[in-house]
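What follows is a short report on a single structure.
What follows is calculated from the coordinates using simple rules that are stated; it is not laboratory data. Please read all numbers here as calculations on a predicted model, not as lab measurements. Don't worry about glycine lacking a Cβ; one is built from the backbone with ideal geometry, like all the others, and counts go over all protein chains shown.
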Amino acid sequence: MKKQYLFILSLIISICCVTARYGFAATVGNALDLDLPQRSAVLRQEVVKDTLDEYEQTVKIKGSFDIEFVFNKDLHVNSDLSKAEIKGQWYMAKLGMTILNRVEPYIKIGTSSLETRWKHNSQEIEVDADNGFAWGVGLKANIVEFLDGIRLTGDWQYRTTEPDISEISVNGIAVNDTGAKFKVDEWQLSLLLSKKFEIPLKLQSIYIVPYTGISYADSNVDVSFSNPGMPGTDFSLFDANNKKLYGFVLGCDIVPSLSSSFIYSIELRLVDEVALSLGAAMKF
């Protein structure tokens, strides 16, 4: 049984990696991460069912995979530059440990594939990066629950990537620089409100958990290169950061049943960026 569930999780991750094309954003997720799924996909066995159920109320290990899309994210740059933006894709696997359904520290490991562009006077510059290793850490916490089932959740996370550069162009002309640099650091703080709803169906009920909130996020985008055809000219974003620091989050988790070991999610982020995330999580 354990091998079957691990095979299913590997298959989901493989399908997601093949089908996704564009994306760059920090998935927030919601409070449902802290107490659902309720049933373990690997550990639950009839022989030790009662013991494991008691333990799972205290500590739960969960894994998830997110495909993160961004369609527009503007960057704040110095007065010499204009129209700076970054976009691309992140594929991130997350491993978290939920404690007492209140706090969940987690780590993220995956890959990034990014591109950025900007204008320097009359020069239009574009830099594309290869797939690069990415990692991050975070902490999610259940802050308070109201009597009508509404939950307030907080999430803090940081992630970084430093991929190799694949293509550079200035006014459409290719530039070759083996020493070019491309590094991105991101950090984000979010506050979210969520509530669980039941949708009764013929065979069994499914559950949805819509959530919404605000985020405060910033980044450090360090991209630079030299152009042999224009010696003495600086081609750099000079540590650009987010043009807008505050954002709006709207998402929904879908649970096939309360006894399910899986959660499926979709999330939209606006204002500071236009981004979309699709994900799935499994409890071990």
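Backbone amide hydrogens, once placed in the peptide plane, bring ASP218 within less than 5 Å of TRP187, excluding anything fewer than 5 places away on its chain.
Taking 0.36 nm per residue of separation and subtracting the current Cα-Cα distance, fully stretching the chain between LYS195 and SER82 would add 36.5 nm. Computed over neighbours whose Cβ is under 11 Å from that of SER226, the net charge equals -1, Lys and Arg +1, Asp and Glu -1. The alpha carbon centroids of the stretch 94-109 and the stretch 119-183 are separated by 22 Å. Across the cross-link table entries LYS73/LYS119; LYS108/LYS243; LYS87/LYS108; LYS108/LYS181; LYS183/LYS243, which are compared at the Cα atoms, the separations over 21 Å belong to LYS108/LYS243; LYS108/LYS181. For the stretch 141-153, putting each phi into the Karplus relation 6.51 cos²θ - 1.76 cosθ + 1.60 with θ = phi - 60° gives couplings of 9, 7, 7, 7, 10, 8, 4, 8, x, 7, 10, 9, 10 Hz, in residue order, rounded to whole numbers and with x for Gly and Pro. Ranked by how many other Cβ atoms sit within 10 Å of their own Cβ, fewest first, the residues THR233, THR161, THR58 fall in the order THR58, THR233, THR161. Phi angles of the stretch 99-104 translate, via the Karplus equation with coefficients 6.51, -1.76, 1.60 and θ = phi - 60°, into HN-Hα couplings of 10, 6, 6, 10, 10, 9 Hz per residue; Gly and Pro are given as x. Label sites at MET230 and TYR158, each approximated as a point 7 angstrom past Cα along Cα to Cβ, lie 3.5 nm apart.
Only one residue of ILE143, GLY172, GLY154 has its Cα farthest out toward the positive end of the dipole of the stretch 106-176, where Lys and Arg carry +1 and Asp and Glu -1 on Cβ, and that residue is ILE143. The HN-Hα couplings worked out from phi for the stretch 199-215 by the Karplus form 6.51 cos²θ - 1.76 cosθ + 1.60 (θ = phi - 60°) are 10, x, 10, 5, 8, 7, 7, 10, 10, 10, 10, x, 9, 8, x, 10, 9 Hz, whole numbers, x standing for Gly and Pro. Residues whose amide H falls under 5 Å from that of PHE238, counting only those 5 or more places apart or on a different chain, are VAL223, with hydrogens built in the peptide plane.
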